[in-house]
Amino acid sequence: MSKNNKASNYNEKMLTRLRIQFIVLSMAVVIIMQGFIVYTSVRNTYNKMVAKSDHLVSSIYINILDKKPIKADARYFYITFGKDNRPRTINIDNISDISEDEALAIYYEAYETGELDGYRYCIYEKEKRTIAVFVLRSNMIDDVKKTAVSLIESSCAGIAVMLLILIFTSKLIVMPIAKAHRKQKEFITSASHELKTPIT
């Protein structure tokens with residue numbers, strides 16, 4: 001194999017290696033950025049959902065105290081207790097898939113454990129009177145999940161498009177680097193040859 005062929009093969013290998021390194025590094029940066037954007041967006045959506053739920057709980061409680069009609073775009077129930085801690089009112093008008101007994105069981109679980117999945121709630125104790133308000137947030141959580149899925153899908157599509165662009169443009173981008181490397185290698189080889197040649 002001639003020197004020119006060896007040099008050509010070396011240059012092709014070096015160019016391919018540089019292209020792969022450039023694509024991998026660029027894709028790593030793109031994936032990290034997309035992951036951060038998706039995480040931040042989903043977290044913000046979740047925080048807004050929590051804030052909206054808390055606002056609903058608070059507004060329902062205020063309307064109960066003021067004996068005003070409750071207008072809330074959510075499924076909820078509330079329980080009021082008298083001074084003897086016995087339930088006086090169990091209102092499940094706005095949530096049809098649970099009974100009064102189930103609503104009471106949910107209250108006791110929340111009161112005893114302090115944890116409750118699927119609901120945002122608050123138990124208000126004022127002047128020996130207790131009012132517990134529970135807002136079902138499964139629909140809101142579903143909205144957050146849908147947002148997350150759509151963001152992930154669009155991010156994956158964007159990453160795929162970016163990968164294709166990098167594959168097609170990487171040769172043009174790394175070509176100057178490969179040329180500079182080749183000239184440097186030729187200069188070192190030439191200088192080495194000149195130094196080895198005896199001075200006459």
Going residue by residue through the range 85-95, is there one that turns out to be of a type in the set (Ser, Thr, Tyr) and under 12 Å from ILE131 (Cβ atoms)? yes
Under 8 Å by Cβ, and 6 or more places apart or on different chains, what pairs join a residue from the range 47-64 that is of a type in the set (Phe, Trp, Tyr) with one that is not in a helix (DSSP H, G or I)? TYR61/TYR78; TYR61/CYS122; TYR61/TYR124; TYR61/ILE131; TYR61/VAL133
Tell me which residues, restricted to the range 44-71, are open to solvent by 50 Å² or more (accessible area, probe 1.4 Å), in a helix (DSSP H, G or I) and modelled with pLDDT under 90. TYR46, ASN47, LYS48, ALA51, LYS52, ASP54, HIS55, ILE62, LEU65, ASP66
Quick one: in the range 80-121, of everything that is open to solvent by 50 Å² or more (accessible area, probe 1.4 Å), in a strand (DSSP E or B) and not hydroxyl-bearing (Ser, Thr, Tyr), which residue is farthest from LYS67 (Cα to Cα)? ARG120
I'm checking my understanding of the structure. Among residues of the range 15-46 that are in contact (Cβ under 8 Å) with a residue 24 or more places away in the chain and more than 13 Å from the chain's Cα centre (by Cα), which one is nearest to PHE134 (Cα to Cα)? VAL30
Residue within the range 153-167 that is outside any helix (DSSP H, G or I) and not polar (S, T, N, Q) present: no
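The values are calculated or read from the model by the stated rules, or taken from the named source; none is laboratory data. This one's a predicted model, so the numbers in the text were calculated from it and none came from an experiment. In this analysis, Cβ positions are derived from the backbone assuming ideal geometry, glycine residues included, and neighbour counts consider all displayed protein chains. SASA here: full protein model, heavy atoms, side chains in, ligands and nucleic acids out. Shrake-Rupley method; radii C 1.70, N 1.55, O 1.52, S 1.80 Å.
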